[in-house]
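Asker: Structure provided below as structure tokens; questions to follow.
Any read-out appearing in this document is the output of simple, stated calculations on the displayed coordinates, not a laboratory observation. Quick caveat: nothing in here was measured; it's all calculated off a predicted structure. Cβ: placed from backbone, ideal geometry, glycine included. Neighbour counts: every protein chain shown.
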Amino acid sequence: MAFETTVKVPGDDVVYQFNPQLKQYALGDTGFVKNNAGSYVMNRSLEPEKGLDNAIKLKVVVNKQLTGIKIKTINPSGNATINIFKHEHHEDLVSLYRFYLNELVTREIIKKV
């Protein structure tokens, strides 16, 4: 999946747009960590009672040029995308998902379109 300027997570009716005026320090302030490829990654557990390694996660990745973003909900091992809106416990998962993305909107990393 390529980095995009607008992203829609499967099952979600909200489209998010990447902020092109984003500064690198803002990513560090919101919990993003630079990986070996130079991209900035934020992983958040959508099932906090299970811990990060065993939970469905929200994964947000910003490319190293700060021009694009990926937003996915993934399984515990990180190798498959999950539609949390069709999950049996979707109310709790979606609530936490919205909380994390609203924080990124508040911090002007992304905005709702």
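Asker: Take the residues in region 43-74 that are within 26 Å of K112 (Cβ to Cβ), without any contact (Cβ under 8 Å) to a residue 24 or more places away in the chain and assigned to a loop (DSSP other than H, G, I, E, B), then tell me which one is nearest to the chain's Cα centre (by Cα).
Answerer: Out of the qualifying residues, it is A55.
Asker: Oh, and also: Quick one: would you say Y40 is touching a residue at least 24 places away in the same chain (Cβ under 8 Å) and either farther than 19 Å from V113 by Cβ or among the acidic types (D, E) (or both)?
Answerer: yes
Asker: Being among the polar types (S, T, N, Q), under 17 Å from L93 (Cα atoms) and surrounded by 15 or more Cβ atoms within 10 Å (Cβ to Cβ) is the requirement here; does N54 meet it?
Answerer: Spelling it out, it is not the case that N54 is among the polar types (S, T, N, Q), under 17 Å from L93 (Cα atoms) and surrounded by 15 or more Cβ atoms within 10 Å (Cβ to Cβ).
Asker: Sticking with this structure for a sec: Scan (1) surrounded by fewer than 16 Cβ atoms within 10 Å (Cβ to Cβ); (2) touching a helix residue (DSSP H, G or I) at 6+ places or on another chain (Cβ under 7 Å) for the single condition P76 breaks and write down its number.
Answerer: (1)
Asker: While we're here: Between a first residue in region 9-31 that is polar (S, T, N, Q) and a second residue that is surrounded by fewer than 16 Cβ atoms within 10 Å (Cβ to Cβ) and part of a loop (DSSP other than H, G, I, E, B), which pairs have beta carbons less than 6 Å apart while being 6 or more apart in sequence or on different chains?
Answerer: Q17/V113; N19/E108; T30/R107
Asker: In addition: Testing E4 on (1) of a type outside the set (A, V, I, L, M, F, W, C); (2) closer than 16 Å to G78 by Cβ; (3) under 15 Å from the mean Cα position of the chain (by Cα); (4) surrounded by fewer than 17 Cβ atoms within 10 Å (Cβ to Cβ), one condition comes back false. Which one is that?
Answerer: For E4, the exception is condition (2).
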